[in-house]
Amino acid sequence: MDSSPWVRRTLRAVVVVYLVLLVGWPVSLVAKNAFADGLETFQRAFADPSVLFALQLTAAVAVQVVLLSTVFGVGISLLVVRYDFPGKALLNALLDLPLSVSPIVVGLALVLVYGKNGWFGGALEEAGFRVIFAPPGIVLATAFVCLPLVIREIVPVLTELGTDEELAATSLGASRFQTFRRITLPAIKWAVVYGVVLTLARALGEFGAVKVVSGNFEGRTQTSTLLVEQRYQDFEQGTAYAVAFLLASVSVACIVAVTLLRSDDAAPARRPARPATRPATPSEVDA
Amino acid sequence: MSPTLAERPGRTARERGPAPAAPARRRRRTPNGPYRLTATSGLGLGVALLWFSALALVPLLAVLVETSAGGWPAFVAAVTQPQTAAALTLTVTQALAVTAVNVVMGTLVAWVLVRDRFPGKRLLEVLIDIPFALPTIVAGLVLLALYGPSGPLGIDVANTRAAVFLAFCFVTLPFVVRSVQPVLAELDRDVEEAAASLGATRFTTFRRVVLPALAPAITAGAALSFARAISEYGALVLLSGNLPMRTEVGSVRILSYLENGQPEQAAAVASVLLLVSLLVIATIQLLQRKVARRG
Amino acid sequence: MSIEIRNVRKTFGDFVALDDVSVSVPTGRLTALLGPSGGGKSTLLRVVAGLEVPDSGAIEIEGRDATNLPARRRNVGFVFQHYAAFKHLSVARNVAFGLEIRRTPKAEIAERVDELLRLVHLESFAHRLPSQLSGGQRQRMALARALAIRPSVLLLDEPFGALDAKVRKELRDWLRRLHDEIPVTTVFVTHDQEEALEVADEIVVVNEGRIEQVGTPDDLYDRPANDFVMGFLGPVTRLGGVLVRPHDVHVEVLASVPASDDASSRPGGPVTGVVTRTTRVGFEVRAEVSAGDEVVSVVVTRAEARTLGLAAGVAVRLAPAQGAPTAPAAEPVAAAAPA
């Protein structure tokens, strides 16, 4: 159905205006505000020890969450796709839950269990391990909201892959671990990379859940996003914009990277292939 | 939240899963396990379940337990307390309004991205992903820059209900678009041409042929964007001012209950939000199963 | 005996894939497991390879009990219908995989890979990725990969099933020649009776989880054990309660249909009827004869048809030709005991 030119142009104009007003313009203004005084705002912001601490804390949390999510995500994806066990369908459904739970509810839930008066919190604290109002709580909260990201990337790839290659490796004498390392892992490599990048973006930007569990102590448990809020409300908008710009750049770069990689992935023809290959005829090419 | 990942066809395989009640068939060409659990994989499963429980299941359970501690009257009292009721009403009405906007605009954006060609289309694709990528607090800051007191347009929505609507619109932008886009791209143009050859006008073709095909994707995207809207917090903090009875939303109520040392009331409001999340997940799973059956 | 399968039973849920199957596969021969889809032949092959664990029964490979041996220790070469190519590895690395797992010295691996690639005519493709090969080439690569580990038996699961007709035919001939060159005990699964009859030394007919018959292609074709085997190996028609091949029917033209013909009550005996339809297909003529409650298909050459004057409305007497293989037809459904 090819719409008439004026319908097409109208629709196009509506969409462009909507997106520019909602996203494009506001985002570009933040960039502009951040650079309003040239680099001076940045220099001032990054000379502030609290800012530096917040950035370091955010980075450290993100790294830990990425590691946890990757190990757990790969493991649970393999189990859910390849193995059979009672309760698998339920687990499958529950794995998506963190995606639609409010960050504040996530924070509350963790406080109720790991807080000083929570189910396990008291015992943990007596054992000298503080979770809530301390970095482990921040890691837990961030890991919670990032939980499904790696899994959602790997599971479809693993399902699509099937077991033939793995069984072929087994019949050629490879152990389970050898099969995983030499056959399965290379096949899901890109899915893992996407998952990691998306997790990284999400982990750097988590705000609500972290706000509840961290206590927001400047220089101790204040992450970058919490710092942005506080500085903005304290009328240090320059610092807020500078840090916000930094966070936004990294997150947007992550997403753009995945989008670009993925569209490359979808069009294998554009991938660097070994030269001088005879193009396979359609009948010879199979999915 | 992951709108870009949420509803692509081909990403639904897991949700479909094996149907345990179906008669076991001989496995065909590329079977997907199930392998038998060995000692190692069994241990792995144990560790994974332990981590998942400690991280998500037990805490979410704690919310429900905390809610039920006071019994039904306490729950009702908590959620009907005027300030809370106002916050929940505002959250739900704004979320519904935003979802309606998304159903129309999201479908429209998806349509233009799939069916139209023009320079700069790729840039629009990136714009769609930005709300997903941007830290929510930064999203609030971003909106304030244009629609705040010192915005160049002279429109100031800060501390009004319009701010809530705007923030919801921003963070939920990708859901319907990313859910509809792949379905629309896969849609067989032949069917539309067939409809046209049978004498249908463009509008009739869209309404009777295209829309029904997109309906499950639109619904799934709408469900996700509704769930996201009612649970939003970060994008609102700086923008809406959190004025009691006026611009305060559900998640802010939870936080203030918690900060005032009223975890039971906080849990009650959280349970309401949690219930909606569960309903949304259930809706989407049902839809996917339906779509899968239809092939 | 190279592979000994004893009383193997395998179920998936309440579906019985293999029902107490016992069969011996001789050393150095090319054996086909033939049967309809879903009949259990692939499962049988996978049980032999250790890719499925049987519920009960025993597997012996080369005189060694393999029932509880994991797949990776069976030294079995397995070729999958959809190639199962390791997509991220070059053709050479695919072939080398099993040897690398076995920690074979590098020089030896290189030599063996070269040798095998020459054997499957892929020597100039060594550094390509599987995605750069055609289907037939991928399957030859898969075969080289399976042969690289010097397997005691080679198992092929519908190896040509995913290929188009022409390539399938080529590869089939090539497999036969390859087997004559390297006489490793080979079992391949197929649902194509022509493929089995053409390539195999021996055929095992599998249906509904049971072995129907084991024998050489000639045995099976000429002396089918039952109606299923007979029907599966070629076209059949029902004549006087027995199955016979349509081109094995002796046709005699009558002046008119006898009012009552007691002969037609004899099983396999001559029946009389009227030709209802004739169709010419190339050099043959197919005729449908309505005889009592049976519709018999008959195939004769054009010359015969002309001599007999075979046409619609002509009365004929039909009988199985002298010495033609027949099999008792299964009871008509109506006669079956109520469930």
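If I go through the stretch C:127-173 residue by residue, how many of them are more than 25 Å from C:His88 (Cα to Cα) and hydroxyl-bearing (Ser, Thr, Tyr)?
1
Among A:Ile138, A:Ile151, which is the only one that is at the interface with chain B (Cβ under 9 Å from one of its Cβ atoms) and closer than 17 Å to A:Leu67 by Cβ?
It is A:Ile151.
Looking only at the stretch C:161-169, decide whether some residue is outside any loop (DSSP other than H, G, I, E, B) and of a type in the set (Gly, Ala, Ser).
Yes, there is a match, as at least one residue in the stretch C:161-169 is outside any loop (DSSP other than H, G, I, E, B) and of a type in the set (Gly, Ala, Ser).
Residue under question is A:Ala143, and the condition is that it be closer than 20 Å to B:Leu55 by Cβ and either surrounded by fewer than 24 Cβ atoms within 10 Å (Cβ to Cβ) or of a type outside the set (Val, Ile, Thr) (or both); does it hold?
So A:Ala143 passes the test.
Determine, yes or no, whether C:Arg176 is in a helix (DSSP H, G or I), closer than 18 Å to C:Phe86 by Cβ, in the same structural domain as C:Leu116 (by the TED database) and modelled with pLDDT of 90 or more.
Taking the combined requirement at face value, the residue does not satisfy it.
Going by what's in this entry, would A:Leu19 be described as modelled with pLDDT of 90 or more and aliphatic (A, V, I, L, M)?
Yes; evaluated as a whole, the condition is true for this residue.
Looking at the stretch C:67-82, which of its residues are touching a helix residue (DSSP H, G or I) at 6+ places or on another chain (Cβ under 6 Å) and more than 8 Å from every other protein chain (Cβ to nearest Cβ)?
Correct list: C:Val79 only.
Return yes when A:Gly208 is farther than 13 Å from A:Ala45 by Cβ and within 10 Å of chain B (Cβ to nearest Cβ) and no when it is not.
yes
Please determine, by comparing only the residues of the stretch B:112-133 that are more than 7 Å from every other protein chain (Cβ to nearest Cβ) and farther than 30 Å from A:Phe245 by Cα, which one is surrounded by the most Cβ atoms within 10 Å (Cβ to Cβ).
Looking at the filtered set, the residue picked out is B:Arg115.
Which of the following residues is β-branched (Val, Ile, Thr) and surrounded by fewer than 19 Cβ atoms within 10 Å (Cβ to Cβ): C:Ile211, C:Ile182, C:Ile203?
C:Ile182
For the stretch B:207-258, name all the residues that are in a loop (DSSP other than H, G, I, E, B), at negative phi and within 13 Å of another protein chain (Cβ to nearest Cβ).
The answer is B:Glu232, B:Tyr233, B:Glu248, B:Val249.
I'd like the full set of residues that are within 10 Å of chain B (Cβ to nearest Cβ) and more than 11 Å from the chain's Cα centre (by Cα), limited to the stretch C:26-49.
Answer for the stretch C:26-49, where residues must be within 10 Å of chain B (Cβ to nearest Cβ) and more than 11 Å from the chain's Cα centre (by Cα): C:Gly38, C:Gly39, C:Gly40, C:Ser42, C:Thr43, C:Arg46.
Which of the residues spanning the stretch C:51-66 are within 14 Å of chain A (Cβ to nearest Cβ) and at pLDDT below 90?
C:Leu51, C:Glu52, C:Val53, listed by residue number.
Quick check: anything in the stretch C:172-188 aliphatic (A, V, I, L, M) and within 14 Å of the chain's Cα centre (by Cα)?
Scanning the stretch C:172-188, I find at least one residue that is aliphatic (A, V, I, L, M) and within 14 Å of the chain's Cα centre (by Cα), so the answer is yes.
Can you name the residue in the stretch B:166-206 that is among the basic types (Lys, Arg) and at the interface with chain A (Cβ under 10 Å from one of its Cβ atoms) and, of all such residues, is farthest from the chain's Cα centre (by Cα)?
This residue is B:Arg202.
For the stretch C:181-291, which helices (runs of 4 or more DSSP H) that fit wholly inside it have 3 or more residues that are of a type in the set (Ser, Thr, Tyr) and at pLDDT 90 or above?
none
Picking from C:Val53, C:Val95, which residue would you name as being under 27 Å from A:Glu160 (Cβ atoms) and not in a loop (DSSP other than H, G, I, E, B)?
C:Val95
Sort out for me the helices (runs of 4 or more DSSP H) sitting completely within the stretch A:38-135 that have 1 or more residues that are exposed (fewer than 15 other Cβ atoms within 10 Å of the Cβ), facing chain B (nearest Cβ under 10 Å) and modelled with pLDDT under 90.
A:88-94
Just to verify a result, which residue in the stretch C:100-147, among those that are touching a residue at least 40 places away in the same chain (Cβ under 8 Å) and facing another protein chain (nearest Cβ under 8 Å), is farthest from C:Ser37 (Cα to Cα)?
C:Arg102
Scan (1) within 14 Å of the chain's Cα centre (by Cα); (2) closer than 30 Å to C:Leu155 by Cα for the single condition A:Ile183 breaks and write down its number.
So A:Ile183 meets the others, but not (1).
Please find, among A:Gly162, A:Gly173, A:Gly205, the residue that is over 30 Å from C:Ile149 (Cβ atoms) and of a type outside the set (A, V, I, L, M).
A:Gly205
Among the listed residues C:Thr31, C:Thr104, identify the single one that is hydroxyl-bearing (Ser, Thr, Tyr), assigned by the TED database to the domain that holds C:Val199 and either touching a strand residue (DSSP E or B) at 6+ places or on another chain (Cβ under 8 Å) or part of a strand (DSSP E or B) (or both).
One residue alone meets the criteria, C:Thr31.
Farther than 14 Å from C:Ala96 by Cα, of a type in the set (A, V, I, L, M, F, W, C), assigned to a loop (DSSP other than H, G, I, E, B) and touching a Phe, Trp or Tyr at 6+ places or on another chain (Cβ under 8 Å) - does that describe any residue in the stretch C:123-141?
Within the stretch C:123-141, one or more residues are farther than 14 Å from C:Ala96 by Cα, of a type in the set (A, V, I, L, M, F, W, C), assigned to a loop (DSSP other than H, G, I, E, B) and touching a Phe, Trp or Tyr at 6+ places or on another chain (Cβ under 8 Å).
The values are calculated or read from the model by the stated rules, or taken from the named source; none is laboratory data. Every value quoted in this text rests on a predicted model; they were computed, and no experiment measured them. As a convention, Cβ positions derive from the backbone with ideal geometry for all residues, glycine included, and neighbour counts pool all protein chains shown.
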